[in-house]
Amino acid sequence: MEILEIAENKDQYMDLLLIGDEQESMIMKYLNRGIMFALYDDFDLKTVAVVTKEDNDTYEIKNIATLEIYRRKGYGSTMVNHIIKYCNKKCKYLIVGTGESEKTLIFYESLGFSYSHTIKDFFIKNYDHAIVENGKQLKDMVYMKIDCSK
């Protein structure tokens, strides 16, 4: 297994990034300023992630996506743990915003994240179509955080 930092031609990963964030115009707001990682296993791309520096104290996971056939095999957890280590001593907090999906919140909690705050109606105000996950329309953005300074 290998995780590479991707510095150029990040848009070549757009199909996979659209799994983590369904609207290309939203991805383009952070893609070029973000740090992109790509996880390969057996020479096949499994997972990508984009992390941005929001301020001196905070980095944010803006996008993380694993190809459907490779989900629930630990690639997402491996990527998030890599990002936590990457952020260690670079910032105080690593945050991630997600919909109010119980499965996703439990995933981040299992990796040491805790609830930070909520932005009401984020998905309704910022996307040109309804974002639906597990049959439920997402409305609010729930932010989770982990202390990276430890």
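The values are calculated or read from the model by the stated rules, or taken from the named source; none is laboratory data. Because the structure is predicted, anything quoted here is derived from the model rather than measured. Quick reminder, even Gly has a Cβ in these numbers, built from the backbone with ideal geometry, and neighbours come from all protein chains shown. Calculation scope for accessible area: heavy atoms of the full protein, side chains included, ligands and nucleic acids excluded. Shrake-Rupley method; radii C 1.70, N 1.55, O 1.52, S 1.80 Å.
Examine the stretch 28-45 for a residue that is part of a helix (DSSP H, G or I) and either within 29 Å of SER116 (Cα to Cα) or touching a Ser or Thr at 6+ places or on another chain (Cβ under 9 Å) (or both), and state whether such a residue exists.
Yes, the stretch 28-45 contains at least one residue that is part of a helix (DSSP H, G or I) and either within 29 Å of SER116 (Cα to Cα) or touching a Ser or Thr at 6+ places or on another chain (Cβ under 9 Å) (or both).
Modelled with pLDDT under 95, open to solvent by less than 80 Å² (accessible area, probe 1.4 Å) and over 19 Å from LEU31 (Cβ atoms): is that true of SER149 in this structure? The answer is yes for SER149.
Of the set (1) touching a Leu at 6+ places or on another chain (Cβ under 8 Å); (2) closer than 19 Å to THR66 by Cα, all apply to VAL142 but (2). Entry remark, the stretch 35-87: residues being open to solvent by 60 Å² or more (accessible area, probe 1.4 Å) and of a type in the set (S, T, N, Q) number 2 in total. The criterion of at least 2 residues that are in contact with a strand residue (DSSP E or B) (Cβ under 8 Å, 6 or more places away or on another chain) and either touching a residue at least 40 places away in the same chain (Cβ under 8 Å) or among the basic types (Lys, Arg) (or both) is met, among helices (runs of 4 or more DSSP H) falling completely within the stretch 57-143, by 75-87. Take the stretch 1-23 and flag every residue that is under 16 Å from ARG33 (Cβ atoms), open to solvent by 50 Å² or more (accessible area, probe 1.4 Å) and of a type in the set (D, E, K, R). Matches in the stretch 1-23: GLU5, GLU8, ASP11.
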